[in-house]
Structure formats: structure tokens, C-alpha cells
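Asker: So that we are looking at the same thing, I have put the structure below in C-alpha cells.
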Amino acid sequence: MRKTWLKRVSVMCMAALLTATGVFTSGCSAKKQDEQVVIYSNADDEAVEAMKKALDGNGYKGKYILQTFGTSELGGKLIAEGKNIEADMVTMSTFYIESAQKKNKMFADLGFDRNLKKESDFQKYESPITAQEGTLILNTEVMKEKKLPKPESIKDLAKPVYKGSISVTDIKASSTAWLLIQGLVSEYGEKEAKSILHDIYQNAGDHIEDSGSAPIKKVRAGEVAIGFGLRQQAVADKKDGLPIDYVDPKEGNFSLTECVSVVDKKDSDKKELALEMAECIIKKGRTDLIRTYPIPIYNGEDESGENKSGNPKVFKEKLTLDLLEKHQRLSESAK
């Protein structure tokens, strides 16, 4: 009886000790997370790694939590939540950041000198981390095997000869598709662009992708002969000796930028730390970022011959969320 009682007391004491320890550990963990800057990002893996390297190598390791989202998902959070968003810092497509600022007045001005090539292209509350251009990407072996003619334009992808041999992205899910649609609308107008898109989608069939990197992955694998994707990825693959080539379409190489911004939370003691981290990403991270995204944005950055697009163009209207939604409706009507 006494042994049973002692055993019961021992078990109860151990349980109490474990509970207390658990509460203590949980409390410390929660406190540590409360002190960390929360970063939300839609960036590709390469950009995320470059930003982490810059932060970790300059005294910010363990001082932040970085979470990635799809562009549409994160954009929706910015628009809907405003300053109530959990994030202290975001890296995101510039048009989404500017649209969120217009609606919610949610970002703080960045106090550091950005040294931009075109200062007027960006607001004081944002600083670009990457610029990305679209182009036609070819698998030379599959092109030869299927005896396909080399396309010269995005419009060429609508030709019957390319049926079942192309991959493109859906603008509902990926902003990469917007680079394609900007080219068509700019060159041919909305009515003809819709007709061309319809035929492109018919030719793509099951290869209308949700991810911006999916077309080049399918081109690399030989699942399709041609994809529309990011130019710098095709340049890198060709340089690495893969059977990849690219064609700068006659409609133009349109581009999108992604920026870093800090949420202006008045009562947050993490705002100043987030501003420091934003400066670190720009001033310490660009060396690695420009290797993967080689379009010059800041003074002192140069563009090599192979990375210089053959037909750079800028859409006639400012890129905004409203314009994106307009082009999304155009895309849907073409399916």
C-alpha cells in the first residue's frame, strides 16, 4: 500500500515537473518568436537563399523567420490585411506592393540611400531585389527531333504546328504569364491578343502551368519543345551546356521587379530592426542576387552581353493590381 502510494506520488511529481518544464520551454520559445522579425516573401528559392545568406552573414542569424507564399496568395494577404498582417517585412512583386500601399498605406519609408539607376521608377517605401524578363525557351534536341520551325514571336506559338509541344503559365496563378500577355496586348491590342491566346492555350493543352518555373522544367526534361519563362534561367541553362536555347520574341522582353518593403507598425519594436534588415538585403545581398537575376538595377551593376535582352520593352500602362486583374479576365475569356 505504501509502495503504491509512493509510486503514485512519484508519478504525480514527475508529471508536474514535466508540465512545468514544458510551459517554461514553450514560454521561452514564444518569447523568442515574438522578438524575431517576420518576413513574408514570394521569391524563388535562389532569391530566398541569397537573402538568407546576406542576413545570416551580417549579424541577423536567428533574428528573423522567413515564410514563402505564392504571388497571388501573398498579394491577397497584403490587400486584405494591410498593417494587420503578421509580417514585419515583405519581399514581393512591385505592382502588388504599390497597390497595397495605395489601398492600405501600410509601408514605412526606407531611410537608406538606394543608389538606384532609375530612382523615379520606385517609391521611397520600396527597394527592388530582382528584375526578371520573359522569353521563349527551346529544347534544341526536341525541336530537331520533331522538325519544328524556330519561333520568332509569342504569336507563333498559336500556329497548329506547335500543338502539344508548348508549355505556358496561367496568369491566375503566376505573374510570369503576365510577361507573355503584356507582349501580346502591347503588340496586337486586346481583341487580337485574346484570339492568339485562345490558340496558344489550345496548343498547350495540359501544359498550362500554375508555376512560373514549370515550363522551363518541362523544356529541360524534353516533355515539350518550347516554353515561355524567365530569360535568365534559359541563359544559365545554355551556359551550363544543356540543350537549351532562347528566342527574344519580336513582341518584346517585358519585365517585372520584386521589392523589399517594411510594414509600418507604429507600436512594433521590430520596425527599426526590419528596416536594418531591408538595407542589409539590398547592400549585402545584391552580389548574389544579380548572379541569378542579372538585370542591373543599381548604379555600379553591369549587364554582360549574354544577359542583355535583345528586345527590352516596357508596357504602356503602369503595372497595377487593377491592370493584372483586367488581363486575368482577358486570359480567362480566351480559354
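We did not get these values from a lab; they are worked out from the coordinates using the rules stated. On a predicted model such as this, the values are computed, not experimentally measured, just so you know. Cβ atoms come from the backbone with ideal geometry, glycine included; neighbour counts cover every protein chain shown.
Asker: Using 27 Å as the Cα-Cα cut-off, could you pick out the over-long pairs in Lys144/Lys217; Lys191/Lys238; Lys83/Lys172; Lys103/Lys316?
Answerer: Values: Lys144/Lys217 19 Å; Lys191/Lys238 35 Å; Lys83/Lys172 25 Å; Lys103/Lys316 23 Å.
Listed pairs above 27 Å: Lys191/Lys238.
Asker: A follow-up question, please. According to the Cα gyration tensor, what semi-axes, each the square root of 5 times an eigenvalue, does the equivalent ellipsoid of segment 149-226 have, listed from largest to smallest in whole Å?
Answerer: On the way: eigenvalues 70, 45, 21 Å².
Each semi-axis is √(5λ); the values are 19, 15, 10 Å.
Asker: Compute the angle between helix 2-35 and the longest alpha-carbon principal axis of the chain, please, reported from 0 to 90 degrees and rounded to the nearest 10.
Answerer: For helix 2-35, the angle is close to 40 degrees.
Asker: Could I ask something else about it? With +1 assigned to the C-beta of every Lys and Arg and -1 to the C-beta of every Asp and Glu, and no other charges, what is the dipole magnitude of segment 182-335 about the Cα centre in debye, to the nearest 20? Write down the numbers at each step before the final one.
Answerer: Numbers: 24 positive and 29 negative charges, 17 e Å.
That gives segment 182-335 a dipole magnitude of about 80 debye.
Asker: Please find, in a Gaussian network model of the chain (springs between Cα atoms separated by less than 10 Å), the residue of Lys313, Lys271, Lys117 whose mean-square fluctuation is greatest.
Answerer: Lys117
Asker: For segment 192-263, report the convex hull volume of the alpha-carbon atoms normalised per residue, in Å³, without decimals.
Answerer: On the way: hull volume 10.5 nm³, N = 72.
Residue-normalised Cα hull volume stands at 145 Å³.
Asker: Across bins of 5 angstrom width beginning at 0, how are the C-alpha pair distances of segment 186-335 distributed, in whole percent?
Answerer: Binned Cα distances yield the sequence 1, 7, 12, 16, 17, 16, 13, 9, 6, 3, 1.
Asker: Can you list residues from other chains, or at least 5 along the same chain, whose modelled amide H is less than 5 Å from the amide H of Ile129?
Answerer: Residues meeting the amide H criterion: Glu258, Cys259, Val260.
Asker: At a temperature of 10 °C and a viscosity of 1.306 mPa s, determine how fast the chain diffuses translationally according to Stokes-Einstein, using the Kirkwood radius over alpha-carbon pairs as Rh; express D in µm²/s, rounded to the nearest whole number. Let's see the in-between values first.
Answerer: Details: Rh = 22.0 Å.
It comes out at roughly 72 µm²/s.
Asker: Then there's this: Whose amide H sits under 5 Å from the amide H of Ser167, counting only residues 5 or more places off or on another chain, with H placed in the peptide plane?
Answerer: Ile226, Gly227, Phe228
Asker: Quick one: 3J(HN,Hα) in Hz for segment 156-162, Karplus 6.51/-1.76/1.60 with θ = phi - 60°, rounded, Gly and Pro as x.
Answerer: 4, 5, 7, 5, x, 4, 9
Asker: Using Cα atoms only, what is the angle between the long axis of helix 271-292 and the major principal axis of the chain, expressed in degrees (0 to 90) to the nearest 10?
Answerer: The helix 271-292 is inclined about 40 degrees to the chain.
Asker: Here's another thing I want to ask about it. Rounded to the nearest 5, what is the percent of antiparallel bridges among the DSSP beta bridges in the chain? Working shown, then result.
Answerer: On the way: 23 of 36 bridges.
Antiparallel bridges: around 65 percent, rounded to the nearest 5.
Asker: Using helices alone, what [θ] at 222 nm do you get for the chain, with -39,500 (n - 2.57) per DSSP H run of 4 or more residues, divided over all residues and rounded to the nearest 500? Before the final figure, lay out each step's value.
Answerer: Values: 10 runs with 155 residues, N = 335.
One gets -15000 deg cm²/dmol as the mean residue ellipticity at 222 nm.
Asker: If a/c stays under 1.5 just call it rounded; otherwise compare a/b with b/c (prolate if a/b is bigger, oblate if not). Do that for segment 52-130, with a ≥ b ≥ c from the square roots of the Cα gyration tensor eigenvalues. Please list the in-between numbers first.
Answerer: Values: a/c = 1.76, a/b = 1.09, b/c = 1.62.
Oblate shape, in that a/c is at least 1.5 and b/c is the bigger or equal ratio.
Asker: Please list, in chain and number order, the residues 5+ apart from Tyr298 or on another chain whose amide H is under 5 Å from its amide H, with Hs placed from the backbone.
Answerer: Amide H neighbours of Tyr298, under 5 Å, 5+ apart: Lys117.
Asker: Sticking with this one: Relative to the Cα centre, what is the charge dipole magnitude of the chain, using +1 at the beta carbon of each Lys and Arg, -1 at the beta carbon of each Asp and Glu, and rounding to the nearest 20 debye?
Answerer: Values: 51 positive and 52 negative charges, 239 e Å.
Dipole magnitude for the chain comes out near 1140 debye.
Asker: Roughly how many whole Å is it from the C-alpha centroid of segment 149-166 to that of segment 185-249?
Answerer: Between the Cα centre of segment 149-166 and that of segment 185-249, the gap is 10 Å.
Asker: Right, here's the next one. I'd like the orientation of helix 71-81 relative to the chain: the angle between its Cα long axis and the longest Cα principal axis, in ° from 0 to 90, rounded to 10.
Answerer: For helix 71-81, the angle is close to 50 degrees.
Asker: Please name which of Ala87, Ala108, Gly70 has its Cα lying farthest along the dipole of segment 66-110 towards the positive end, using unit charges on Cβ (Lys, Arg +1; Asp, Glu -1) and the Cα centre as origin.
Answerer: Ranked along the dipole, the leading option is Ala108.
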